[in-house]
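Asks: Let me give you the structure first, and then I'll get to my questions.
The values are calculated or read from the model by the stated rules, or taken from the named source; none is laboratory data. Just so you know, these numbers come straight off a predicted model, no measurement behind them. Methodologically, a virtual Cβ is constructed for each residue, glycine included, from the backbone with ideal geometry; neighbour enumeration extends over all protein chains shown. For the accessible areas, the whole protein counts, side chains as well, though only heavy atoms, and no ligand, DNA or RNA atoms are used. Shrake-Rupley method; radii C 1.70, N 1.55, O 1.52, S 1.80 Å.
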Amino acid sequence: MPRPMQTPMTSTAPFLAALVGAALLGVACGGGGDADGRDGPPTVRTGAAAAPVASTRRSDDPRAVELRELLEFGHLARARALLAVGLEGLGLEGELLRARAAALAGDATTLARRIEAARALNADDPRVYATAAELHAAAGRFETAGSELERGRRACGPTAELLRAQGVVLLCQDGGAAAGLRLLEQALAVDPTLPFTARARSQAHLLLGREAFATQAPSVALDHALRAVLFDPEEIDARRFLADVRGARGELEEALAILEELVAEGRPLEGELAMLCRRAALASIVRGAREPGARERGLDLFVRARDLGLSAAELGSGAAILAGAAAVAEEEGLEAYEGGDRVLAAERFERALRLDPERLAARNHLAVVLFRAEDFAGAARHWATVLEQARSAGVELPEPVHLNLARALSRAGDAAGAREVLTAALERAPEGPWAEDSRRALRAIDP
């Protein structure tokens with residue numbers, strides 16, 4: 001059974017955030033509201049008496065084209081940089097673009113001033129009423145948004161912009177996603193290049209997808225999730241939802257790819273990714289008997305889950321599976337070493353440590369292999385870790401690892417480091433079983 005979403009987008013506030021990037025309070029373009037500054041449910045018609053028409057007034061100035069895209073997808077900083085250069089010659093459209101930038105910034109006063117400046121330039125332009133209605137709706141002022149739509153129809157007749165705005169108003173309300181999406185698609189049928197529709201369509205599909213997901217219709221949910229990402233590839237909630245749907249359908253590798261991408265972008269989803277890695281790991285281990293490479297993939301996924309922060313208890317059976325696989329890799333390393341294949345031996349010991357970093361024997365064996373290959377610095381690093389881990393765990397080592405470490409440091413040219421290791425060992429156990437060997441090694445460094 002699919003789990004419920006952590007942040008369901010079925011109400012005005014989340015869509016508001018997705019649509020304009022900031023909550024707008026007290027937008028003063030006209031119209032009233034209740035005591036808390038938000039209007040009640042609007043009376044917005046879902047159809048027009050006459051067929052809508054496409055506008056021929058939209059600017060093809062490169063500045064306007066770029067700004068429309070930046071503002072639609074919430075790139076306020078980049079939009080501000082372009083706005084700062086100036087919008088001379090854009091007239092009414094420039095005012096409306098500044099109004100949208102103010103909405104993203106949460107600046108209700110500037111938003112109102114820009115809308116009214118555009119209206120003063122041409123009160124018969126449907127873009128004025130459409131923009132005002134959309135931004136009022138995003139602020140939760142639905143009656144005012146409805147009033148702007150009615151004024152727009154009376155002044156301009158039915159247009160694609162007003163149809164788009166009507167769809168956005170519906171999307172900002174509970175249960176309005178399906179009707180709002182239909183209006184957006186109708187507007188695009190009239191004007192295929194109509195701006196400020198992609199993000200709204202993405203949010204509509206996200207809302208409808210979550211409804212389908214909640215009612216156990218994963219195929220429908222997947223279709224909506226794919227469309228949501230198609231229309232707004234940068235939308236985090238849409239991508240997370242797509243990962244959830246993929247996971248619910250058993251498409252675990254696809255879900256993992258999405259979450260890995262989000263984590264790589266810096267999104268704080270490590271916990272969610274870790275649990276999905278654990279789930280996918282178990283599925284891969286089960287497939288391992290009949291699918292080549294599946295078991296290794298499962299082991300790697302358990303390691304990834306652990307690296308992302310899952311404890312041994314949280315890994316559950318995965319911790320035991322990793323330990324068992326590490327023991328096998330260590331044994332394979334010993335066999336390769338005894339057979340004279342040091343390269344393979346090192347690879348298998350490294351694999352054992354990747355599976356179980358606390359495996360002291362495998363780390364000691366790897367240090368021996370590296371020392372014989374004259375990688376003295378590498379050998380020293382591993383022997384130093386063996387000593388540190390053993391002391392932290394209170395484990396008494398059966399071999400004089402400190403002597404091996406001192407030899408490796410000395411051969412690597414670090415006589416001071418070797419001296420420090422030997423001196424520390426003698427201070428801890430001046431009469432220990434390897435004390436005399438330590439003194440001889442120390443004298444060899446300091447004759």
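Asks: With a sphere of radius 14 Å drawn around the Cβ of Glu374, what net charge do the other residues whose Cβ falls strictly inside it have (Lys, Arg +1; Asp, Glu -1)?
Replies: Local charge sum for Glu374: +3.
Asks: If I fit a long axis through the Cα atoms of helix 198-214 and take the longest principal axis of the Cα atoms of the chain, what angle between them do I get, 0 to 90°, rounded to 10?
Replies: So the inclination is approximately 70 degrees.
Asks: Would you mind working out the magnitude of the charge dipole of the range 52-155 relative to its Cα centre, with +1 at each Lys and Arg C-beta and -1 at each Asp and Glu C-beta, to the nearest 20 Debye?
Replies: Approximately 100 debye in magnitude.
Asks: Could you give me the ³J(HN,Hα) list for the range 419-426, computed from phi with Karplus coefficients 6.51, -1.76, 1.60 and θ = phi - 60°, whole Hz, x at Gly and Pro?
Replies: Values, residue by residue: 4, 5, 4, 5, 4, 5, 5, 5 Hz.
Asks: Based on alpha-carbon positions alone, could you give the equivalent ellipsoid semi-axes of the range 256-347 from the gyration tensor, as √(5λ), descending, whole Å?
Replies: Over the Cα atoms of the range 256-347, the semi-axes work out to 28, 15, 13 Å.
Asks: While we're on this one: For the range 72-160, what is the Kirkwood estimate of the hydrodynamic radius, computed as the reciprocal of the mean inverse distance between distinct Cα atoms, to one decimal in Å?
Replies: Kirkwood radius, the range 72-160: 13.3 Å.
Asks: Report the per residue volume, in Å³, of the convex hull enclosing the C-alpha atoms of the range 49-124.
Replies: Hull volume normalised by residue count: 118 Å³.
Asks: Excluding ligands and nucleic acids, what accessible area in Å² is computed for Thr385 using a 1.4 Å probe, to the nearest 10?
Replies: About 40 Å², rounded to the nearest 10.
Asks: What is the sum of charges, Lys and Arg at +1 and Asp and Glu at -1, for the other residues whose Cβ falls under 12 Å from the Cβ of Val128?
Replies: Result for the local shell: -3.
Asks: Moving on. Only helical DSSP H runs with n ≥ 4 go in: add -39500 (n - 2.57) per run for the chain, normalise by residue count and round the 222 nm mean residue ellipticity to 500 deg cm²/dmol.
Replies: One gets -22000 deg cm²/dmol as the mean residue ellipticity at 222 nm.
Asks: Let me ask something else about it. Given a 1.4 angstrom probe, what's the average accessible area per residue across the chain, in square angstrom?
Replies: 47 Å²
Asks: Non-local amide H neighbours of Thr159 (under 5 Å, H modeled in plane, Pro and chain starts lacking H): which ones?
Replies: Placed amide hydrogens put Val53 under 5 Å from Thr159.
Asks: Further, regarding this structure: Compare the Cα positions of Ala84, Ala189, Gly316 along the charge dipole of the chain (+1 at Cβ of Lys, Arg; -1 at Cβ of Asp, Glu; about the Cα centre) and return the one farthest towards the positive end.
Replies: Ala189
Asks: Once you list every other residue whose beta carbon is under 14 Å from the beta carbon of His75, what net charge do they have if Lys and Arg are +1 and Asp and Glu are -1?
Replies: Computed value for this residue: -1.
Asks: With a 1.4 Å probe and all protein chains kept in place, how do Asp375, Asp237 rank by accessible area, largest first?
Replies: Asp375, Asp237
Asks: Percent of accessible area on the chain owned by carbon and sulfur, 1.4 Å probe?
Replies: 54 percent
Asks: Above 19 angstrom, tally the Cα pairs of the range 204-276 and express them as a % of all pairs, no decimals.
Replies: More than 19 Å apart: 28 percent of the Cα pairs in the range 204-276.
Asks: How big is Rg to Rh over the range 126-239, alpha-carbon atoms, Rh as the Kirkwood inverse-mean-distance radius?
Replies: Result: Rg/Rh = 1.00.
Asks: Please list log₁₀ I(q)/I(0) at q = 0.12, 0.27 Å⁻¹ for the range 180-232, using the Debye equation with identical point scatterers on the alpha-carbon positions.
Replies: After summing over all Cα pairs, the log10 values are -0.27, -0.96.
Asks: Under the √(5λ) rule applied to the eigenvalues of the Cα gyration tensor, what semi-axes describe the equivalent ellipsoid of the range 388-447? Give them in Å, descending.
Replies: 19, 14, 9
Asks: Report the convex hull volume per residue for the chain, counting only C-alpha atoms, in Å³.
Replies: For the chain, the hull spanned by Cα atoms encloses 223 Å³ per residue.
Asks: Evaluate the charge dipole of the chain about its Cα centre and quote only its size in Debye, nearest 20, assuming +1 on the Cβ of each Lys and Arg and -1 on the Cβ of each Asp and Glu.
Replies: 760 debye
Asks: Considering only DSSP states other than H, G, I, E and B, which GluC sites (Glu not before Pro) in the range 310-385 qualify as loop sites with at most 14 other Cβ atoms within 10 Å?
Replies: Of the GluC sites (Glu not before Pro), the ones in loops of the range 310-385 whose Cβ has at most 14 other Cβ atoms within 10 Å are Glu358, Glu374.
Asks: At 1.4 Å probe size, with no ligands or nucleic acids counted, give the accessible surface of Val286 in Å², nearest ten.
Replies: 100 Å²
Asks: Roughly how large, in nm² to one decimal, is the mean projection of the convex hull of the alpha-carbon atoms in the range 284-417?
Replies: Result: 9.3 nm².
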